[in-house]
There are 4 protein chains.
Amino acid sequence: MQNKLEIGILGATGMVGQRFIQLLENHPWFQITWLAASDRSSGKVYEDAAKWRLDTPCPERIAKMIISPADPAGAPKIIFAALDTDIARDLEPLFASAGCAVVSNSSAFRMHPNVPLVIPEVNAEHLHLIEDQTWRKQSGGYIVTNPNCSAIGLVMALKPIQERFGIEQIFVTTMQAVSGAGYPGVPSMDILGNVVPFIKNEEQKMEEETLKLLGHLKGDSIVPLAARMSAHCNRVPVEDGHTESVSIKLSRPATREELLSAWADFHPLQGQNLPTAPAQPVEWVAAEDRPQPRLDKNRGRGMAATVGRLRPCGLLDWKFTVLSHNTIRGAAGAAIVNAELLLSLGKLEPLAVAAAAQA
Amino acid sequence: MQNKLEIGILGATGMVGQRFIQLLENHPWFQITWLAASDRSSGKVYEDAAKWRLDTPCPERIAKMIISPADPAGAPKIIFAALDTDIARDLEPLFASAGCAVVSNSSAFRMHPNVPLVIPEVNAEHLHLIEDQTWRKQSGGYIVTNPNCSAIGLVMALKPIQERFGIEQIFVTTMQAVSGAGYPGVPSMDILGNVVPFIKNEEQKMEEETLKLLGHLKGDSIVPLAARMSAHCNRVPVEDGHTESVSIKLSRPATREELLSAWADFHPLQGQNLPTAPAQPVEWVAAEDRPQPRLDKNRGRGMAATVGRLRPCGLLDWKFTVLSHNTIRGAAGAAIVNAELLLSLGKLEPLAVAAAAQA
Amino acid sequence: MQNKLEIGILGATGMVGQRFIQLLENHPWFQITWLAASDRSSGKVYEDAAKWRLDTPCPERIAKMIISPADPAGAPKIIFAALDTDIARDLEPLFASAGCAVVSNSSAFRMHPNVPLVIPEVNAEHLHLIEDQTWRKQSGGYIVTNPNCSAIGLVMALKPIQERFGIEQIFVTTMQAVSGAGYPGVPSMDILGNVVPFIKNEEQKMEEETLKLLGHLKGDSIVPLAARMSAHCNRVPVEDGHTESVSIKLSRPATREELLSAWADFHPLQGQNLPTAPAQPVEWVAAEDRPQPRLDKNRGRGMAATVGRLRPCGLLDWKFTVLSHNTIRGAAGAAIVNAELLLSLGKLEPLAVAAAAQA
Amino acid sequence: MQNKLEIGILGATGMVGQRFIQLLENHPWFQITWLAASDRSSGKVYEDAAKWRLDTPCPERIAKMIISPADPAGAPKIIFAALDTDIARDLEPLFASAGCAVVSNSSAFRMHPNVPLVIPEVNAEHLHLIEDQTWRKQSGGYIVTNPNCSAIGLVMALKPIQERFGIEQIFVTTMQAVSGAGYPGVPSMDILGNVVPFIKNEEQKMEEETLKLLGHLKGDSIVPLAARMSAHCNRVPVEDGHTESVSIKLSRPATREELLSAWADFHPLQGQNLPTAPAQPVEWVAAEDRPQPRLDKNRGRGMAATVGRLRPCGLLDWKFTVLSHNTIRGAAGAAIVNAELLLSLGKLEPLAVAAAAQA
């Protein structure tokens, strides 16, 4: 344990905070040493402040930790942030200014021109933006973000196709799980046996994040993918796992076999040994009625995007279904693999080492 | 009651058969006098043969009726058919040959060039096809069909827009209720807390039926709408009510207000007083998170299509959500209003009167 | 409309408030003329303040009403109260002091020795307690309550048995719908595909209310039924309708036929013509797998208790299942039928007439 | 792998068969070498014959195995049986006669006087009955059964209490998951947002199995526990995990602390190192709203019974809630741990070794 880097969690009591704790327990590189939450929870023992909602028990060591105030003083230099957008807008810069690497799951800075929005398998090179952040220049700190839970599975499925054939148009209708709204989140009266065809700001986020993620770095900025896109976002009575019906128009024609190969061959992180990255980022499931959230959300320990039902589209070129686990691949797991990538690129250790030296 | 026309139900024990019974109880024009089902049920008392699954009780008179064999001998001349496709393919022609008006909810003959596929509010003039049916010429009998439960709400929402602005492209993703698969239908293990992104043959049916319904009569045949269309069909854990995310490309530009007016002004059956037709076939709901199956499926006593969330589409022109009750508007109610239209056009009474004369 | 009594609703925006509005629309005796809610809603138009959650539309006239402050000044003299317990504890006496008949659904005063806890079919004579209330003596006002949603169906099923055979022991396990917790109420993360074996204070309320309801009036007080009772309360993923597994020990032996007769013959309100009272308060359903919330909750327009599965108990004498609609019979409908009973007993009109005279 | 004992699965394609495969993958003692199913499946490749419904993938090796006919010829000598009762009644004796140890999950022989019904933590000594079986005497083969999924969690929770304080009366109401009915099992139309207060024969099975399990061996037969018991069995919309509300009357008084100690101290298999047996067979969860199927079913890798909400009962002495995973602890896992116990007692190896010698 002495070789692990100390990390902190901002927003540790919420659903995504709990997933961070679950996924970081036994992590080979990182060790949770600091938990922060709202003023209401600060000073309390974690198990008293958090209503643990996961189906594995809260690790005993974490359960007994005292929740710190959300202040960089005393915090480790690597921070996983799982904050509501409004709070993130204030707090994340505070931690970045104080020299922390803020690996954020919030939407506050995802579309900021200097903040990388990253999926390691998709656009690791966007991390270059970090170096232009004022915080980085002043304190060494920075902010890195991962996408919205609805965008991440889609983009993982699109990336290998875009690389080989180009993508010009994207249609997507989501059927999103309730855990995406946190806890207490969606009232049961709203969603039991029901569909809610609306998630606030979700369609806009999904569209702009997708194009930024699939964009390319040009000099010091990201040129979004020049594709047209339309998203319909719906909430369905599913606990975990976002299912998405997708249609795409390609730049160059592709056969079904070529598309399947693009997915099968997609191993952009091969050889990097990031502990949380799945061996097969995009998994194909051949059965005609798959993927399904109940059966497929945990593929790649919840880190894979599962695709199925590839067939010609009457309007664009191809259509398929993609599924990903919204609180693992779509939230906490996304941030953790981002941190693993940052560490492998040498962008975490100096901070942590410097902090250790100060201590 | 002596003035009501006698009708029979083929497939009376299934989910759609039960809806026929529920909706025809107290119907001002029709009176159920004959129930038929599979050989297994034939000869039994209805309440013993059917597992009644509706939340209003089975009418006492019906509960005690004896189920007849599925044979035109002894059947009335107006038949509502709620049969599985394979059985419908054999039985419906048998009844049409025997001089019955077969008002069918099955998919067996929907795409047959001489069989009208009709929604009264949308394409009543397609009923002209009846006169070309061989059965009609020989015995007076004929087959009329209503569309698949997933097509009907969509087409009702599209028709007023098509009339005013033309439609060139249609995108739709469905989130369909389990009752659409009948009983026992979808196993609970498959759908509790889950989404199944596949319904056998549904996408093809939805696409071809939509274009036939929106097509026009030219001479003795239907010219389908010359639009391109793509459907993604999904099953969700909802009891009743299909929700659909729709995007469309118009032939002529339309503002939001013009589209809302097209829906509001759509009263094609005004003055016809069909008892089951809703006063407002397409209902607009303004709240940003509607329509929802739980809250909106029963509008117009389950016979309206409810639309909401109209907004610009990043890929085509406009997008919106439409909802309709799949076993009322999408099945039994659709057939009943077809029969009402046939009666108002004088295409039922002669048969029934002739039958009465024979009797 | 000029002959109807004016009534007000305290707590009009919540789930039970909405049910009051739904059930009182077109009521032959009462007319809603006043709506009150929390300070947050006061002064707003109803449709802006309330998130309407019922599957019939909010009546247009109500939707446009302005919400009044929760103050007796300006309120009508008949008040339906659907308040949270803590607020009811303060507000209901305020209205009773001001001369209002407060027909309450809250738990605040149910166990108060001078406050009648009434189900018209069960213990109408308990209304005598009203006359001992200080408010009654001073201003004419009073408080009448109806039971908890979990107690009401049980007590309706037990009363006819108690009358004929006596009841000495009662065992009940509830499986309660989410609407019992109001809106937003139970988070979907807690209940989708889950059971929560705990509802705060519910078991105690259910036990003590049941015994008070089945008790008898002796002089000026209620002697609770001298039975022993144990309740287990659980929440299940059902929208409306509480299902309860019940076992009972009788004072005198009864055959199955005698118990069925007790239920069938139970018509304590016969001839009183209370508009909301069901013709058959306790409905027996013979099928071995009933009652079920989905299929049976609306019997008697949601006002009946449905019983089924009567069979010998290995421990006590008999066991059965009872179901009732928790927000109709178990809440708003219970209060409305209480008010109807009060009116038929002459305990409402003087107040209202006096108020009319003042106006 | 060469040291593992070869086992076969009868009924390998159903839900319990799939659980056997999932739980035996990587088992340290057993190796699946034979799969059998109905005639319809026999001869097919497993992945073509079975509709895999678990959320971990079917092991590749198993997916490619050919399904054998359900005939002892060619089968290994250790058979896990997951058959429907009617089929089990014929097939299990056939395999026992042929010298197989049939470790059965079916109900066919559970109440047979010579067949042990065993939970290793509860009544391992009942295995003595094997030696009286005719099959055993003739061929070495025998049948051992595990209880119904609703009885097993209850009995695990009761056993430590019975040992210390005696149990005289047992009340239980179950809320059972749909997976208990297999696949396709419960239609979604029956259970979505619903409760079904009936499971065929379940109450009788639960009552008689509980008393046999808690009974003692006297000479060559089992004397059931002399307690009175009543079970109410309900189906709820939960995928996995049976929740049960329990009340008990003790022979000797016990405090809350004594009951908690009885559960905490219950380690009857300590030192036996059965791989599938949970370290803590009865887990106590202190939170007032637990256990819940979603959060607690996987305790002890699905092999523990979780208890909570211990409180005094108004009718008997104590009441509490117990939860267990119905297809792991309640079915496949129960049989596997039975087989582990049999092996540790030397009742498996001779058979298998003899078989190996024959081969």
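The values are calculated or read from the model by the stated rules, or taken from the named source; none is laboratory data. Remember, predicted model here, so these are calculated numbers, not experimental data. We place every Cβ from the backbone using ideal geometry, glycine too, and count neighbours over all the protein chains shown.
Is it true that some residue in segment C:168-186 is away from every other protein chain (no Cβ under 14 Å), farther than 25 Å from C:Leu54 by Cβ and at pLDDT 95 or above? No, because not a single residue in segment C:168-186 is away from every other protein chain (no Cβ under 14 Å), farther than 25 Å from C:Leu54 by Cβ and at pLDDT 95 or above. Testing B:Ala88 on (1) under 30 Å from B:His216 (Cβ atoms); (2) modelled with pLDDT under 95, one condition comes back false. Which one is that? Evaluating B:Ala88 over (1) under 30 Å from B:His216 (Cβ atoms); (2) modelled with pLDDT under 95 leaves (2) as the failure. Go through segment A:229-246 and count every residue that is in contact with a helix residue (DSSP H, G or I) (Cβ under 9 Å, 6 or more places away or on another chain) and at the interface with chain B (Cβ under 7 Å from one of its Cβ atoms). Adding up the residues that qualify gives 8.
Among the residues of segment C:271-290, what is the count of those that are acidic (Asp, Glu) and outside any loop (DSSP other than H, G, I, E, B)? Counting residues in segment C:271-290 that are acidic (Asp, Glu) and outside any loop (DSSP other than H, G, I, E, B) gives 1.
I want to confirm something. Restricting to segment C:272-299 and keeping residues that are among the small types (Gly, Ala, Ser) and over 27 Å from D:Cys233 (Cβ atoms), which single residue is nearest to the other protein chains (Cβ to nearest Cβ)? Walk me through how you get there before you give the answer.
Pass one, segment C:272-299, residues among the small types (Gly, Ala, Ser): C:277, C:279, C:286-287.
Remaining after also requiring over 27 Å from D:Cys233 (Cβ atoms): C:277, C:279.
Working: C:Ala277: 19, C:Ala279: 13 Å.
For segment C:272-299, the residue satisfying everything is C:Ala279.
If you go through segment C:223-246 and pick out every residue that is more than 21 Å from D:Gly241 (Cβ to Cβ), β-branched (Val, Ile, Thr) and either out of contact with any His (no Cβ under 9 Å at 6 or more places or on another chain) or crowded, with 22+ Cβ neighbours inside 10 Å (or both), you end up with 1.
Can you name every residue in segment C:284-299 that is acidic (Asp, Glu) and crowded, with 22+ Cβ neighbours inside 10 Å? Please lay out each step first, then the result.
So the first thing to find is which residues in segment C:284-299 are acidic (Asp, Glu), and the list is C:288-289, C:296.
C:Asp296 - this is the single residue of segment C:284-299 that is acidic (Asp, Glu) and crowded, with 22+ Cβ neighbours inside 10 Å.
Within this structure, B:Ala254 fails the test of being touching a Pro at 6+ places or on another chain (Cβ under 6 Å) and surrounded by fewer than 21 Cβ atoms within 10 Å (Cβ to Cβ). Condition (residue is at negative phi, within 14 Å of chain C (Cβ to nearest Cβ) and either at pLDDT 95 or above or out of contact with any helix residue (DSSP H, G or I) (no Cβ under 9 Å at 6 or more places or on another chain) (or both)) applied to segment D:255-271: is it met by at least one residue? Looking for residues that are at negative phi, within 14 Å of chain C (Cβ to nearest Cβ) and either at pLDDT 95 or above or out of contact with any helix residue (DSSP H, G or I) (no Cβ under 9 Å at 6 or more places or on another chain) (or both), one finds none in segment D:255-271, hence no.
Step by step: first the residues of segment D:300-316, then only those that are within 12 Å of chain C (Cβ to nearest Cβ) and among the charged types (D, E, K, R), then the one that is surrounded by the most Cβ atoms within 10 Å (Cβ to Cβ). Which residue is that? Let's see the steps before the verdict.
Going residue by residue through segment D:300-316, those that are within 12 Å of chain C (Cβ to nearest Cβ) are D:306-316.
From what is left, the residues that are among the charged types (D, E, K, R) are D:309, D:311.
Working: D:Arg309: 21, D:Arg311: 13.
Result: D:Arg309.
Does A:Asn114 meet the test of being polar (S, T, N, Q) and under 24 Å from A:Pro293 (Cβ atoms)? When the stated conditions are applied, A:Asn114 does not pass them.
Mind checking whether some residue in segment A:266-276 is assigned by TED's automatic domain parsing to the domain that holds A:Leu54, within 27 Å of A:Lys77 (Cβ to Cβ) and polar (S, T, N, Q)? Within segment A:266-276, not a single residue is assigned by TED's automatic domain parsing to the domain that holds A:Leu54, within 27 Å of A:Lys77 (Cβ to Cβ) and polar (S, T, N, Q).
Yes or no, residue by residue, for (1) modelled with pLDDT under 95; (2) within 21 Å of C:Tyr183 (Cα to Cα); (3) not small (Gly, Ala, Ser):
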{"position": "C:Leu10", "(1), (2), (3)": "no, yes, yes"}
{"position": "C:Arg19", "(1), (2), (3)": "no, yes, yes"}
{"position": "C:His27", "(1), (2), (3)": "no, no, yes"}
{"position": "C:Gln31", "(1), (2), (3)": "no, no, yes"}
{"position": "C:Ala36", "(1), (2), (3)": "no, yes, no"}
{"position": "C:Arg40", "(1), (2), (3)": "yes, yes, yes"}
{"position": "C:Lys51", "(1), (2), (3)": "yes, yes, yes"}
{"position": "C:Ile62", "(1), (2), (3)": "no, yes, yes"}
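Considering segment D:3-36, and only residues there that are over 19 Å from D:Leu348 (Cβ atoms) and in a helix (DSSP H, G or I), the residue that is nearest to the other protein chains (Cβ to nearest Cβ) turns out to be D:Met15.
Right, C:Gly219: under 21 Å from D:Val178 (Cα atoms) and either more than 14 Å from chain D (Cβ to nearest Cβ) or out of contact with any Ser or Thr (no Cβ under 9 Å at 6 or more places or on another chain) (or both) or not? Full working, then the answer.
Working: under 21 Å from D:Val178 (Cα atoms): no; either more than 14 Å from chain D (Cβ to nearest Cβ) or out of contact with any Ser or Thr (no Cβ under 9 Å at 6 or more places or on another chain) (or both): yes.
No.
The test for being closer than 23 Å to A:Val322 by Cβ and not assigned by TED's automatic domain parsing to the domain that holds A:Cys100 does not hold for A:Val118.
For residues in segment C:137-157 being in contact with a Leu (Cβ under 8 Å, 6 or more places away or on another chain) and part of a helix (DSSP H, G or I), which is surrounded by the fewest Cβ atoms within 10 Å (Cβ to Cβ)? Explain how you work it out, then say what you get.
Going residue by residue through segment C:137-157, those that are in contact with a Leu (Cβ under 8 Å, 6 or more places away or on another chain) are C:140-141, C:144-147, C:151, C:153, C:155.
Still in the running and part of a helix (DSSP H, G or I): C:151, C:153, C:155.
Working: C:Ala151: 31, C:Gly153: 31, C:Val155: 28.
That would be C:Val155.
Quickly run through segment B:117-137 and pick out the residues that are in contact with a helix residue (DSSP H, G or I) (Cβ under 9 Å, 6 or more places away or on another chain) and closer than 14 Å to B:Leu214 by Cβ. Hits for segment B:117-137 are B:Leu117, B:Val118, B:Ile119, B:Glu121, B:Val122, B:Asn123, B:Ala124, B:His126.
For segment C:166-214, the set of residues classified as in a strand (DSSP E or B) and of a type in the set (Asp, Glu) consists of C:Glu168 only.
Run down B:Ser68, B:Ser106 and say which single residue is crowded, with 23+ Cβ neighbours inside 10 Å, hydroxyl-bearing (Ser, Thr, Tyr) and touching a Gly at 6+ places or on another chain (Cβ under 9 Å).
Numbers: B:Ser68 fails: crowded, with 23+ Cβ neighbours inside 10 Å.
Of the residues listed, the single one that is crowded, with 23+ Cβ neighbours inside 10 Å, hydroxyl-bearing (Ser, Thr, Tyr) and touching a Gly at 6+ places or on another chain (Cβ under 9 Å) is B:Ser106.
All of B:Glu131, B:Glu121 fail the test of being acidic (Asp, Glu), crowded, with 19+ Cβ neighbours inside 10 Å and either in contact (Cβ under 8 Å) with a residue 60 or more places away in the chain or away from every other protein chain (no Cβ under 14 Å) (or both), apart from B:Glu121. Counting residues in segment A:54-63 that are assigned by TED's automatic domain parsing to the domain that holds A:Val337, crowded, with 19+ Cβ neighbours inside 10 Å, closer than 30 Å to A:Leu274 by Cβ and not β-branched (Val, Ile, Thr) gives zero.
One line per residue, one yes/no per condition, for (1) outside the structural domain of D:Thr13 (by TED's automatic domain parsing); (2) in a loop (DSSP other than H, G, I, E, B); (3) on the phi > 0 side of the Ramachandran plot; (4) of a type in the set (Ser, Thr, Tyr):
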{"position": "D:Ser38", "(1), (2), (3), (4)": "no, yes, no, yes"}
{"position": "D:Ala70", "(1), (2), (3), (4)": "no, yes, no, no"}
{"position": "D:Asp90", "(1), (2), (3), (4)": "no, no, no, no"}
{"position": "D:Pro93", "(1), (2), (3), (4)": "no, no, no, no"}
{"position": "D:Ala96", "(1), (2), (3), (4)": "no, no, no, no"}
{"position": "D:Val102", "(1), (2), (3), (4)": "no, no, no, no"}
{"position": "D:Ser106", "(1), (2), (3), (4)": "no, yes, no, yes"}
{"position": "D:His126", "(1), (2), (3), (4)": "no, no, no, no"}
{"position": "D:Trp135", "(1), (2), (3), (4)": "no, no, no, no"}
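Against the conditions (1) surrounded by fewer than 20 Cβ atoms within 10 Å (Cβ to Cβ); (2) closer than 11 Å to A:Gly11 by Cα, A:Asp86 satisfies every one except (2).
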